[in-house]
Amino acid sequence: MKKLLFLVLLLCFFTNCSKDSYDIEPTNYDYYYPTDNAVITAKQIGDGSGTLDPKGIAIANEQLYVCNGDVLEVFSAVTLAHIKTISSYTKGNTTIPLTQLSSISIDKGRIYLGSTNSRLFVLDENTFLGINTVGNGQWWQTFVHVFGVVVKDGLVFVKEKNNIIKVFETSQITDTSNWNLTPIAKLNTLKGSTEIYSMDVFSGNLVVAGRDAKSYLYYNIANIKTNAANSLITPIEPEIPPFLSTKPVSVNFSTNWAVTTETSGDLNYVSLYSKEDFINQKYSQVLNASDIMGQNPFGNIVSTAQLNDRIFLSDNSNKIIRIIKLNKSTIAEQKN
């Protein structure tokens, strides 16, 4: 009887210990990884006989816009069906062919198209008709070419071929405004290049993927406004945090992430950062991939856009729009 009682007590002891260990909440870790989802090629445009030379891309109202050489392609970002090819800026009796499109930004019903032929085209998002142009196509006038544009919070940021970003107010561009607008401010990117420059705005800061500076460039927008007049004489220089050995190519702030593309040697990376960490210059990557699970390496990604769990990649070296799906797995670590 005593031996039986001892065994019962011993069993209760181990049972309680086991129960206590399972009562401890596990620590959950989220792990993100990409998988291939779809591809857009030239064959999906019109009769399929054309070409696709993707540069800047953007998504607005579930439509995907692709700068494709001398035209703007419009697709459904949901079904990927081709909707329209826009080959010219049309306003009343004025028609200007679109040429050498480099970049695009969509804001408050307007499409802003940058052209390396020294023009910024502004179109109505709903009708695709012209609102106005900034620059007249001559590099010695308003713009020394246009290699990047982003519009947000009432400001238009235009990256030129040289080391200057010109800043305008959206209210300056109307259907009757002059093509040769005067910027309200100028920013210094320290180095210039003939490459597409990617930019985006988040939490009161303009962030530029500084290819040649080999770092992300940060400009505080409140500081830009305060020093706007002086910057027309001495352009504002950025804050340049130390960065890793990879070279920034593009940056885009989606709903949840800072989505970037970077290069290191012959490898091209797609990376995700927490937006808050990234804007505070803390580069702890949530995702950093140069391929899909060891296969299908990424080409030179010059621009990205995101819709829900799909990230659209403008792969200029492979002449495709590559769509990857962002997957999440949660790993629970049980503590004893």
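Bear in mind these aren't lab numbers, they're just calculated from the coordinates by the rules spelled out. Please read all numbers here as calculations on a predicted model, not as lab measurements. Reconstructed Cβ throughout: ideal geometry from the backbone, glycine too, with neighbour counts over all protein chains shown.
Once you have the alpha carbon radius of gyration of the range 75-216, what is it after dividing by 2.2 N^0.38 Å, with N set to its residue count?
Values: Rg = 14.9 Å, N = 142, 2.2 N^0.38 = 14.5 Å.
So the Cα radius of gyration is 1.03 times the expected 2.2 N^0.38 Å.
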Nonlocal amide H pairs with V302, under 5 Å, H built at 1.01 Å:
S314, N316
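What FRET efficiency comes out for D309 versus N178 if R0 is 35 angstrom and r is the Cβ-Cβ distance? Round to the nearest 0.05. Each step should come with its number before you reach the end.
Values: r = 44 Å, r/R0 = 1.26.
Step by step, r from the Cβ atoms, then E = 0.20.
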With θ taken as phi - 60° and the coefficients 6.51, -1.76 and 1.60, list the Karplus ³J(HN,Hα) couplings across the range 46-56 in order, rounded to whole Hz; mark glycine and proline as x.
x, 8, x, 9, x, 10, 10, 10, x, 10, x
Total charge dipole magnitude, the chain, about the Cα centre, Cβ charges on Lys, Arg, Asp, Glu only, Debye to nearest 20:
220
Compute the angle between helix 2-23 and the longest alpha-carbon principal axis of the chain, please, reported from 0 to 90 degrees and rounded to the nearest 10.
10
In deg cm²/dmol, rounded to the nearest 500, the helical mean residue ellipticity at 222 nm of the chain, built from -39500 (n - 2.57) for every DSSP H run of length 4 or more, is -3000 deg cm²/dmol
Burial ranking of peptide ranges 150-158, 33-41, 105-113 (average Cβ count within 10 Å, highest at the top)
150-158, 105-113, 33-41
Computed ³J(HN,Hα) along the range 288-296: with the Karplus parameters 6.51/-1.76/1.60, θ = phi - 60°, integer Hz and x for glycine or proline, the list is 8, 10, 9, 7, 10, 6, x, 10, 6
For the range 62-73, Karplus couplings with θ = phi - 60° (6.51, -1.76, 1.60), whole Hz, Gly/Pro x
6, 10, 9, 10, 10, 6, 10, x, 9, 9, 10, 9
Amide H contacts under 5 Å for F147, restricted to residues at least 5 apart in sequence or on another chain and with H modeled in the peptide plane, are K159, E160, K161
In square nanometres, what is one fourth of the surface area of the convex hull spanned by the alpha carbons of the range 221-273?
5.4
Near the amide H of G69, under 5 Å away, which other amide H atoms are found, from residues 5 or more places off or on another chain, if H is placed in the peptide plane?
D53, K55, L101
q = 0.12, 0.13, 0.14, 0.21 Å⁻¹, the range 228-336: log10 I(q)/I(0) [Debye, one scatterer per Cα]
-0.51, -0.58, -0.65, -1.17
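Given all pairs of different Cα atoms, what value in angstroms does the Kirkwood hydrodynamic radius of the range 137-177 take? Working shown, then result.
Values: mean 1/r = 0.0916 Å⁻¹.
Over the range 137-177, the inverse of the mean reciprocal pair distance is 10.9 Å.
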On alpha carbon coordinates alone, what is the Rg over Rh value for the range 91-157, Rh being the Kirkwood radius?
0.95
Calculated on alpha-carbon atoms, Rg and Dmax of the chain in Å:
24.9, 106
Equivalent-ellipsoid semi-axes (√(5λ), Cα gyration tensor) for the range 153-203, whole Å, largest first?
21, 14, 10
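I need to check one value: relative contact order of the chain, counting alpha carbon pairs closer than 8 Å and at least 6 residues apart, in percent. Numbers along the way, then the final one.
Details: 792 pairs, mean separation 58.0, N = 336.
Once normalised by length, the contact order is 17 percent.
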